[in-house]
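*Asks:* Take this structure first; my questions come after.
The values are calculated or read from the model by the stated rules, or taken from the named source; none is laboratory data. What you see is a predicted model, and the numbers here were worked out from it, not measured in a lab. So basically every Cβ, Gly included, is an ideal-geometry build from the backbone, and we count neighbours across all protein chains shown.
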Amino acid sequence: MATETYTRGIQNFLEKELGLPCTFSFSRKPGIKPDNEAVRAAIKENTPLIVFGSYNERMYLSEIGSRAIYIPASLPGTIIRRHTGTPFMGYSGTTYLLQEVCNALFDALYNILPLGTDLDNVSATPARLQQEVSWDSEAIEALDKLVESSPVLVRISAAKRLRDAAEFNARKSGQPTVTLQDVSHANENLAAGGGMS
């Protein structure tokens, strides 16, 4: 969320030059009040890994407890962020954006890594010697959709956590096949901050 030239420029640079998908973008236009509720809804429903915007967008992330990385792309943050002034113009602007995105990706990775104190509190990884469970087609489709909705950086770990939790649910109830209900239960439990239960 920024002025139209910033929004268009950042989106083109990120998607076309760097190959990073943009979940959504909103532009501010002179004399037109932005639809803040639409921005808030987009952030809540499709929370991205990195958000460029104003303090409004930073507040919307805080409202949902998101760990997304915020980068100022609107006044006053863009002026006070760098001593050279407007941060997104020219060679120095692209260098700045690339540095900010790389730093944000490292911060996002840090946010998904367990703390040393948490390592001993996790459930043991299920042994592969356990009875294998099959997956019905609805469960596979649901798993794929949930993983696809996760930010790119965390998709592999999200897929593993969801798959393990769904298989755990199926084994716990004595089923030979993972069902849509197992995937839904696993997703709800993981979203609520629980482990496998």
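*Asks:* Answer yes if at least one residue in the range 136-155 is modelled with pLDDT of 85 or more, more than 18 Å from ALA68 (Cβ to Cβ), small (Gly, Ala, Ser) and exposed (fewer than 11 other Cβ atoms within 10 Å of the Cβ), and no otherwise.
*Replies:* Looking through the range 136-155, at least one residue is modelled with pLDDT of 85 or more, more than 18 Å from ALA68 (Cβ to Cβ), small (Gly, Ala, Ser) and exposed (fewer than 11 other Cβ atoms within 10 Å of the Cβ).
*Asks:* How many of the residues making up the range 142-193 are touching a residue at least 40 places away in the same chain (Cβ under 8 Å) and among the hydrophobic types (A, V, I, L, M, F, W, C)?
*Replies:* Start the filter on the range 142-193 by keeping residues that are touching a residue at least 40 places away in the same chain (Cβ under 8 Å), which leaves 142-143, 146, 149, 151-154, 157, 167-168, 171, 175-180, 182-184, 187.
In the following step, the residues that additionally are among the hydrophobic types (A, V, I, L, M, F, W, C) were identified as 142-143, 146, 152-154, 168, 178, 180, 183.
Number of matching residues: 10.
*Asks:* Which members of the range 68-79 meet the condition of being more than 18 Å from ILE50 (Cβ to Cβ) and either surrounded by 11 or more Cβ atoms within 10 Å (Cβ to Cβ) or modelled with pLDDT of 80 or more (or both)? Steps first, please.
*Replies:* The initial filter retains those residues of the range 68-79 that are more than 18 Å from ILE50 (Cβ to Cβ), namely 75-76, 79.
LEU75, ILE79, listed by residue number.
*Asks:* Same structure, new question: Go through the range 99-126 residue by residue and tally those that are in contact with a Phe, Trp or Tyr (Cβ under 9 Å, 6 or more places away or on another chain) and at pLDDT 70 or above. Write out each step before concluding.
*Replies:* Step one: of the range 99-126, the residues in contact with a Phe, Trp or Tyr (Cβ under 9 Å, 6 or more places away or on another chain) are 100, 104, 123, 126.
Narrowing the set further to residues that are at pLDDT 70 or above leaves 100, 104.
Number of matching residues: 2.
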